[in-house]
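For reference, the structure is listed below as structure tokens.
The values are calculated or read from the model by the stated rules, or taken from the named source; none is laboratory data. Here the structure is a predicted model, which is why all the values come from computation and not from measurement. Glycine gets a Cβ as well: all are built from the backbone with ideal geometry, and neighbour counts include every protein chain shown. Only protein heavy atoms, including side chains, enter the accessible area calculation; ligands, DNA and RNA are left aside. Shrake-Rupley method; radii C 1.70, N 1.55, O 1.52, S 1.80 Å.
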Amino acid sequence: MTVRITLKVNGVDHRVAVEDDTLLLDVLREQVGTTSVREGCGVGACGACTVLSGGSSVSSCLALARRYDGAEITTAEGLDENDAVVSSFVECGAAQCGYCIPGFVLMSTELLTDNPRPTEQEITDHLEGNICRCGTYPEIRRAVATAAQRRSPA
Amino acid sequence: MLEQGWVGGRRARFDTAGRVRGLVSHVGDQPVGAAAHVAVHRSTQPHALIGAVHTEDALAMPGVYAVLTGADLYKQFGDRLLTGPAFADQPALAHEKVRYVGEPVAAVLAADLATARAATDAVWVDYDELPPVYDLADALEGSAFVHDELKPSSVFGDLRHLRGVRDTNVNYTYTLRHGDAQAAREAGAHTVTGEFWAPPTHHVPIELPCTIAWVDAGRLEMLTTTQTPSYVRQTIADLLDLPLSRVRVTTRPLGGSFGAKMYDRLEPLAAALAWTTGRKVRLVASREEAFLLTTRHGAAVTSSLTADAEGNLVSSIADVRYDTGAYADVGPRITAKSGMVTPGPYRIDTAHVRSRCVYTNKPSAGPFRGFGVPQVTWSHESLIDELAHRLGEDPYAFRRRHLLREGDEAPMGTRMHSADFVTCLDSVANAIGWFEPLERGSGRIRRGRGVAVGVKAVLTPTIANAVLQFNQDASATLLISTVDMGQGSDTIMAQIAADVLAMNSERIHVVRADTDATPYDTITAGSRSTYHTGNAVRRVAQAMRDKLIALGAQHFEVAEADVELTPEGLRSGERTVPVAELVHGHFGARGATLTAEANFTTSWAPYDKETGRSEKVTEHWFAGAIGVQLTVDTATGRVHLEHLAVAGDVGRAINPALVEQQLTGAAIMGIGHALFDQLVLDQGQLVNGTLLDYQLPSIRDLPDKLTPIVVESPHDDGPFGAKGVGETGILGIAPAIANAVRDAVGVRLTTLPLTPESIVTALENKQEEES
């Protein structure tokens, strides 16, 4: 059954029509136009489709859009270029092909919101579900540490 | 920065800010408008003749536009339906018979992807089963044949003699014969042998393959995820029997590739469907389908290495079998390029290698970062390590003594230049503390160190072209067909051109491959772009510099020799004119452009058919080394990497930051191959082809310390002495780790990956032997 729901994506309300089985991923890509949200595996195992809903990470390739009526969704496009995480990723060269990086940026944002000064182990624990096939992990780890410093200087 | 020039600078990728926020758009992000979405019905049989293909039920589903079979396409295209880089053996849709589980049999075109995918389940096929060829043993010893006869393509002239050969699954054999290796082995004092296996693996670039094709005024146009736009244009022109001018292939930046998105993937089917139906078609592979499009060759190596009483290497013998699956793809090339370096980068008196490319009823294997060389490096770096242990010598020092030096001739006949194995090996050994005492551990956790070196030839011969438009405002537009898939080629090509033109590299825009506009370039693969396309770019920039200097000479009314191009403009003596002003003055118009073009082509001496030797089989060599310190948990078999150092001789680093990322990125990919990464097939059926089941390195798999080391021994003909680096770091990872495991716990493993189970089993076997 088609229903209309409202998604607040990066601060802007979008009224979209979805079926019972429509995925949040497809709504964001095809109706809202936020193509930083990407399908890498379709089974919630790579993290390329990560978005934040009310600040919590969600694998949008597994999420039924209907359940997100009224939710505040953040995608990487919605982060400012001067955002601590974004600017740290850029400065640390934490992107090669960059296809998976928006997912890492959002996971890192979630981590630093919950835990402003994570240890290296905590960074690893939080990001281990995201796959970067170019192997940018050392730079990503440095970027998250840099962003933590930038958001809450010791 | 300009004072030192752009080359050698750690310039960030020009589009990093956009990539981090996901603003760089990819092929799959492009709106397609009214299009037919395509899904594929796949074979359930590994090897069978196709009877009737029942499409009626699928056609009757609402939203389904058309269903086409291999027979439909064959009616239209005949044998042109069969394509491939080495052998024209692969149909866009199976025709007459299927050769692996998952092979495309029918294509459904529908209003949306969900409908198309649902309709593929309503297609069914009558099969007449044939005996399957599941593995190398079936293929080499059995009587079933995957193909009735060999069909070399027109791409490589030296495969022509194989046309029409029947009753074999071996589509290519490369042989290296240098001296009498058998006699030397028999006369030698110490011989080590091994049966090595490297399993099939998958590239898994996170971006899924996607192709959009349409017909525009009698031309076939295509937007596709490919590393090889020039190749794809030729393939499509051949398939549709069109002049090249009526085929246009365009790309976007790729979300990773590693060899997965090259040669014939979705493109022939997309072109055939668009051409046949007149519709715009969009094909995208699901992750499960992407696993079936191409794989890395599983390879078996039976080999030996012999030393004389003084410890000199006297004989290397190897029998290499690459399992290429149902279609040859570029397997025959992999077989030769890897076969010739199977003895390793050592001074060895004699060598005999037989390297074969073998058909089986499995998904096709093709190019993968390293082009088959990691599989033979697995053999030679394990053997020489074991030989050192056997002789009671230090594995580092034993290698070092025998490594090829500048000017040395490799066993396959080509000399070494700009391939500093010794410095690579020394630097990784130093980095991991090889010369310092090792706390080996006495309980359950044992510590060890290992090293390995790697050698690979660059793709030769190849062609690169570049066109440069210098804009009146002193910015520039560079047209090349190199595809930036994360390696940062757009950035370093701009750096090379900027250095020659004494301008800011950020004022140079690199145009994405579009065969209507960007000139021919063989392929973006084999780590060839920095050297080859880089040379074309340097030349085109030099040609442009000459033009600007000529204009300057006119302007100043002096000889060209008296004019110099500087960051401030053209200078003659005390006088300077800004470039923008000079070009404006020349054309009398703002926004005008000057155009230059350049070519860089390499040549080779084809290897001798009998001996496999050539005095110039490659334009240059890649040289690398790996050093590892690790621990093994003897109770669980788990390996923990404490420090991994990866060194590569890149000639000269155009951008050291990007070089280091290539080294560490390749190392991380290699860690997966060493410890857990493998495709599992059961009776030809892929059983772990989803990311729930297929394990890839995550941030948790990083070594505690990962050290990239850039070694620079400039190449005489490289742009500023540079060579490529994309594959160098992956060659020796698996053997370096296995050698460190051998050092830690005394067991020699020869089957990859080194799973905890395999290590525990080996330790138990060792205990039984000792008790």
key: Candidates A:88, A:59 - the one that is buried (at least 18 other Cβ atoms within 10 Å of the Cβ) and facing chain B (nearest Cβ under 10 Å)   = A:88
ask   = Of the residues B:505, B:489, which single one is under 30 Å from residue A:136 (Cβ atoms) and more than 24 Å from the chain's Cα centre (by Cα)?
value = B:505
inquiry  = So residue B:41 ticks every box in (1) open to solvent by less than 20 Å² (accessible area, probe 1.4 Å); (2) touching a Ser or Thr at 6+ places or on another chain (Cβ under 8 Å); (3) in a strand (DSSP E or B); (4) under 30 Å from residue A:49 (Cβ atoms) but one. Which box is left unticked?
reply    = (1)
ask   = For the subset of the stretch B:378-437 comprising residues that are out of contact with any Phe, Trp or Tyr (no Cβ under 9 Å at 6 or more places or on another chain) and among the small types (Gly, Ala, Ser), which member is most open to solvent (accessible area, probe 1.4 Å)?
value = B:392
task = Among the residues of the stretch B:662-695, count how many are in a helix (DSSP H, G or I) and more than 23 Å from the chain's Cα centre (by Cα).
result = 0
note = Restricting attention to the stretch B:409-461, the residues that are among the β-branched types (Val, Ile, Thr), at pLDDT 95 or above and part of a loop (DSSP other than H, G, I, E, B) number exactly 3
task = Please verify whether the stretch B:536-552 includes one or more residues that are within 28 Å of the chain's Cα centre (by Cα) and within 17 Å of residue B:658 (Cα to Cα).
result = no
Scan of the stretch B:7-38 for residues that are closer than 30 Å to residue B:720 by Cβ, in a loop (DSSP other than H, G, I, E, B) and either in contact with a His (Cβ under 6 Å, 6 or more places away or on another chain) or open to solvent by less than 50 Å² (accessible area, probe 1.4 Å) (or both), ordered by number = B:7, B:8, B:9, B:11, B:13, B:15, B:24
request  = Could you check residue B:770 against (1) at pLDDT below 95; (2) open to solvent by less than 10 Å² (accessible area, probe 1.4 Å) and say which number it fails?
outcome  = (2)
ask   = In the stretch A:1-23, which residues are more than 19 Å from the chain's Cα centre (by Cα), assigned to a strand (DSSP E or B) and surrounded by 13 or more Cβ atoms within 10 Å (Cβ to Cβ)?
value = A:3, A:5, A:6, A:16, A:18
Criterion (within 30 Å of residue B:141 (Cβ to Cβ), open to solvent by 10 Å² or more (accessible area, probe 1.4 Å) and outside the structural domain of residue B:527 (by TED's automatic domain parsing)) met by exactly one of B:333, B:347 = B:333
message = Can you find, within the stretch B:476-529, the residue that is nearest to residue B:594 (Cα to Cα) among those that are surrounded by 24 or more Cβ atoms within 10 Å (Cβ to Cβ) and charged (D, E, K, R)?
response = B:521
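Hey, can you tell me all the residues within the stretch A:111-140 that are crowded, with 17+ Cβ neighbours inside 10 Å and over 28 Å from residue B:202 (Cβ atoms)? Steps first, answer last, please.
In the first step, residues of the stretch A:111-140 are kept if they are crowded, with 17+ Cβ neighbours inside 10 Å; the result is A:111-112, A:118, A:123-124, A:126-127, A:129-140.
Those that are crowded, with 17+ Cβ neighbours inside 10 Å and over 28 Å from residue B:202 (Cβ atoms): A:111, A:112, A:118.
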request  = May I ask you to verify whether residue B:139 is open to solvent by less than 20 Å² (accessible area, probe 1.4 Å) and touching an Asp or Glu at 6+ places or on another chain (Cβ under 9 Å)?
outcome  = yes
key: Condition met for residue A:48 (more than 22 Å from residue A:141 (Cβ to Cβ) and open to solvent by less than 40 Å² (accessible area, probe 1.4 Å))   = no
ask   = Under the condition of being open to solvent by less than 10 Å² (accessible area, probe 1.4 Å) and of a type in the set (A, V, I, L, M), which residue from the stretch A:91-110 is farthest from the other protein chains (Cβ to nearest Cβ)?
value = A:106
request  = Could you list all residues from the stretch B:624-675 that are charged (D, E, K, R) and within 14 Å of another protein chain (Cβ to nearest Cβ)?
outcome  = B:660
query = Are any residues in the stretch A:1-56 free of Cβ contacts under 8 Å to residues at least 24 places away in the same chain, at the interface with chain B (Cβ under 10 Å from one of its Cβ atoms) and of a type in the set (A, V, I, L, M), and if so, which ones?
reply = A:43
ask   = Is it true that some residue in the stretch B:536-554 is part of a strand (DSSP E or B) and over 30 Å from residue B:481 (Cβ atoms)?
value = no
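Would you kindly identify the helices (runs of 4 or more DSSP H) lying entirely within the stretch B:223-297 that contain at least 2 residues that are among the acidic types (Asp, Glu) and within 14 Å of chain A (Cβ to nearest Cβ)? Working first, answer last.
Details: elements: B:229-240, B:267-277, B:287-293.
Answer list for the stretch B:223-297: B:287-293.
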ask   = Consider residue A:101 against the criteria (1) touching an Asp or Glu at 6+ places or on another chain (Cβ under 7 Å); (2) closer than 24 Å to residue B:730 by Cβ: it satisfies all of them except one. Which criterion is unmet?
value = (1)
ask   = Do we have any residue at all in the stretch B:688-702 that's touching a helix residue (DSSP H, G or I) at 6+ places or on another chain (Cβ under 6 Å) and farther than 24 Å from residue A:46 by Cα?
value = no
Unique residue being of a type in the set (A, V, I, L, M, F, W, C), more than 14 Å from the chain's Cα centre (by Cα) and either surrounded by fewer than 23 Cβ atoms within 10 Å (Cβ to Cβ) or more than 10 Å from every other protein chain (Cβ to nearest Cβ) (or both) when the list is A:154, A:143 = A:154
query = Condition test on residue B:581, is it without any contact (Cβ under 8 Å) to a residue 60 or more places away in the chain and open to solvent by 60 Å² or more (accessible area, probe 1.4 Å)?
reply = yes
key: Unmet requirement for residue B:306, which otherwise passes all of (1) assigned by TED's automatic domain parsing to the domain that holds residue B:753; (2) open to solvent by 20 Å² or more (accessible area, probe 1.4 Å); (3) touching a residue at least 12 places away in the same chain (Cβ under 8 Å)   = (2)
inquiry  = Just to be sure before I move on: is residue B:717 under 30 Å from residue B:603 (Cβ atoms), in contact (Cβ under 8 Å) with a residue 40 or more places away in the chain and in a loop (DSSP other than H, G, I, E, B) in the structure I sent?
reply    = yes
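Residue-by-condition table, conditions (1) surrounded by 24 or more Cβ atoms within 10 Å (Cβ to Cβ); (2) basic (Lys, Arg); (3) farther than 24 Å from residue B:36 by Cα:
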site: B:224; (1), (2), (3): yes, no, no
site: B:237; (1), (2), (3): no, no, no
site: B:241; (1), (2), (3): no, no, no
site: B:244; (1), (2), (3): no, no, yes
site: B:249; (1), (2), (3): yes, no, no
site: B:258; (1), (2), (3): yes, no, yes
site: B:267; (1), (2), (3): yes, no, no
note = residue B:682 passes all but one of the listed conditions (1) within 13 Å of another protein chain (Cβ to nearest Cβ); (2) open to solvent by 10 Å² or more (accessible area, probe 1.4 Å); (3) more than 10 Å from residue B:708 (Cα to Cα); (4) of a type in the set (Asp, Glu); the exception is number (1)
